[in-house]
Structure formats: structure tokens, C-alpha cells
Amino acid sequence: MLARAAWQVLLLAGLVSLALGIVVFVWPKQTLMVVGVLFGLYLLVIGIVQLVAAFGTHATTAMRVLAFISGAICVLLGLLCFRSAVQSLLLLAIWIGIGWLFRGITQLVAAISDETMPARGWQAFAGAANTLAGVLLMVWPVGSIKALTVLAGCWLLFLGLIEIVTAFQVRSSAKQIPSGV
């Protein structure tokens, strides 16, 4: 039953990522002051999804622990984003980078280690992409706030599309699971 509902959570996460990316592109200057809050909300949602997944998946204990730690860190980072956005945008880039890096590593390890994972290829791709984006944000936290906004907007659009595709692949895989399993 959980596997059949998981695709909806992934789809929601993808739609939120896509919507946030569009908002960043449509109003880059007007939303600059709100970027910290928007990313904080994004990290909170993703963190809560990961925490729920840690308690409801079929993965090994080690993977569930990693998902729990990743979710807890995302929630913590999300809460830290609610501080003064003007003074913490550079720090925010580093925090987002850490969140994406940890999430990416967690996704990648889960996809590599669990041969039965639905949409395993897409999960591994998303994990690698998240890891790369996290490293880029931490190594080059972007001197320009506008560049950070454009980079984050691009990444959110890309991530949203990946998550939406993954959701439909998980949905397709979940339909093949026999009832009562």
C-alpha cells in the first residue's frame, strides 16, 4: 500500500520543486528577499518526506537510518533558512549545498545498494545530480546573489522534472506489486 502511495509523494515533491523554480525565474529581483524562506519551506517539505520514508520503506535498516538523518538535516537546514535572508544568502548557498549533497549521497547509495528499488536508474541519476549540485554550491557559493538565484532556479526546474518522471516510474512499478504484499 505504501509503495502505491509513494509515487504521489514524489510527484508532489517534483511539482513543488518545479513551481519554486518557475517563481524564482519569473520574479528574481522581487523574490530575492524571500528566497531564504522559500528554500527553507522546500527543505522542510523534503525533510519531512524523507523522515516519513525512513519509517515506511522496505529498505534495509542502514538505508532507513540514512534517510532519517538526511530528513532531519533537511528539516534543520530548512529552519535555519528562516533567519535574516539578506545577511545569510551566502551561508544559505552553503547550507543548500550541504542539504543537496547529503540528499544526493543518500539517494545514490540507496539506488546502488537496493536492486529492487523502483525507478532505480532515475533514483541513481537524481542522487548523482543532487550530489554534483551540492558540491558546486559549497565550492562556489556564488558571489552574486542573482547568479545564485538563477542557478537555484535552474536546479529546481531540473530536479522537479526528474522527480516527476521518477514518480510516474514508481507508480508504474507499484502497479505490478500483487495486492496484500
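Would you check which residues across the stretch 96-147 are open to solvent by 50 Å² or more (accessible area, probe 1.4 Å), under 19 Å from GLU163 (Cα atoms) and touching a Leu at 6+ places or on another chain (Cβ under 7 Å) and list them?
Scanning the stretch 96-147 gives a single hit, VAL109.
Which residues, counting only those in the stretch 54-76, are within 17 Å of MET117 (Cα to Cα), open to solvent by 40 Å² or more (accessible area, probe 1.4 Å) and either part of a helix (DSSP H, G or I) or aromatic (Phe, Trp, Tyr) (or both)?
Those that are within 17 Å of MET117 (Cα to Cα), open to solvent by 40 Å² or more (accessible area, probe 1.4 Å) and either part of a helix (DSSP H, G or I) or aromatic (Phe, Trp, Tyr) (or both): PHE55, THR61, ALA62, ARG64, VAL65, LEU66.
Can you tell me which residues in the stretch 117-140 are polar (S, T, N, Q) and under 17 Å from ALA13 (Cα atoms)?
Listed by number, the residues that qualify are GLN123, ASN130.
The values are calculated or read from the model by the stated rules, or taken from the named source; none is laboratory data. Just so it is clear, the structure is predicted and the values come from calculations on it, not from any experiment. Glycine also receives a Cβ, built like all others from the backbone with ideal geometry; neighbour counts cover every protein chain displayed. Remember, those area values only see protein heavy atoms, side chains included, never the ligands or the DNA or RNA. Shrake-Rupley method; radii C 1.70, N 1.55, O 1.52, S 1.80 Å.
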